[in-house]
Amino acid sequence: MYKLLVIEDDKMMSEMLSMYMSGEGYEIKQAENGEQGLKLLAAFDPDVVLLDLMLPDWDGTELCIRMRRQSSVPIMIVSMKSEVSERVQALRAGADDYLCKPFSMHELSARVEALIRRSRLMQAGAAGERPEEGGPDAEKEIKLDAERRLLLVRGGFVETTFSEFEIMKLFLSHPGKVFTREDLINAIRGFDSFVTDRAIDVHIVNLRRKIEKNPKEPHYIRTVWGVGYKYVTEVEAPH
């Protein structure tokens, strides 16, 4: 049974989330403020956290940063705030997903399942259980395992958010092709309904940090000024 920590000060919302997800087979713990959330994060050791941004004692984004420092647990923001700036801040703070209220409980459940699945795969990777395709060439390449949603960078596992993974899947499927921001938005809109040009730029910055040897002089993910981005292979010389 997977464990879910709900950090939400709205008691009705917290109960609704807990009732639905417990019906889906999850063990639930609830916290009505940030301090309780931090204590339960350590004591309960959840598989995923649902975090509201508006808490009585903590700014939700700051709490997300604090939680990310002490745990790699998947964090999904569940908030009334739908502004692009809030979503961008949450991504930068280490959140893995962002769901705006009101939302479908069915969608919430699907996203939680996907977060846990990716987290388990990354833990397996950290334990040294490399996929079969990680042969000698893996040390020199960036590879994608679409079924298991794994990203291998020079032979090592790198954790990505859902949006980052989908962008990399598109890049790796079409090396050299220039994608506009609109192309990338459309690629991830299925589960990131509020994605914008600014959010795409944040994803690109984060991906460069994860795959480039020098993110300030990117080799793989190149900016095509006035158009968008493209992914190039190792055989292409930097411009």
Reduced to Cα centres, the span from segment 30-101 to segment 159-178 in Å works out to 26
Obtain the nm distance between the two label points defined at residue 35 and residue 227 by a simple spin-label model: each point lies 7 Å from its Cα along the Cα-to-C-beta direction. 5.6
Calc'd 3J(HN,Hα), segment 214-227, phi into Karplus 6.51 cos²θ - 1.76 cosθ + 1.60 (θ = phi - 60°), Hz, glycine/Pro = x, comes to 9, x, 6, 10, x, 9, 7, 9, 9, 7, 9, 4, x, 10
Could you give me the ³J(HN,Hα) list for segment 30-37, computed from phi with Karplus coefficients 6.51, -1.76, 1.60 and θ = phi - 60°, whole Hz, x at Gly and Pro? 10, 10, 9, 8, x, 4, 5, x
Search the structure for amide H atoms under 5 Å from the amide H of residue 55, placed 1.01 Å from N in the peptide plane, and list their residues when 5 or more places away or on another chain. 60
Once amide hydrogens are built 1.01 Å from N within the peptide plane, the residues lying 5 or more places from residue 179 or on another chain with amide H under 5 Å from its amide H are 229, 230
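Roughly speaking, what is the stretch gain from residue 84 to residue 210, that is 0.36 nm per residue apart minus the C-alpha to C-alpha distance, in nm to one decimal?
Working: separation 126, 0.36 × 126 = 45.36 nm, distance 2.30 nm.
Net length gain for the segment: 43.1 nm.
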In whole Hz, what ³J(HN,Hα) sequence does segment 100-116 give by Karplus (6.51, -1.76, 1.60; θ = phi - 60°), x for Gly and Pro? 8, 6, x, 8, 7, 4, 5, 5, 4, 4, 5, 5, 4, 4, 5, 4, 5
So if the hydrodynamic radius of segment 3-117 is defined as the Kirkwood radius over C-alpha pairs, what does Stokes-Einstein give as its diffusion coefficient at 25 °C and 0.890 mPa s, in µm² per second? 179
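Readers should treat all values here as calculations from the given coordinates under stated rules, not as data from a laboratory. The structure presented is a predicted model; accordingly, all values stated were derived computationally and were not measured. FYI the Cβ positions are ideal-geometry reconstructions off the backbone, even for glycines, and counts take in every protein chain you see.
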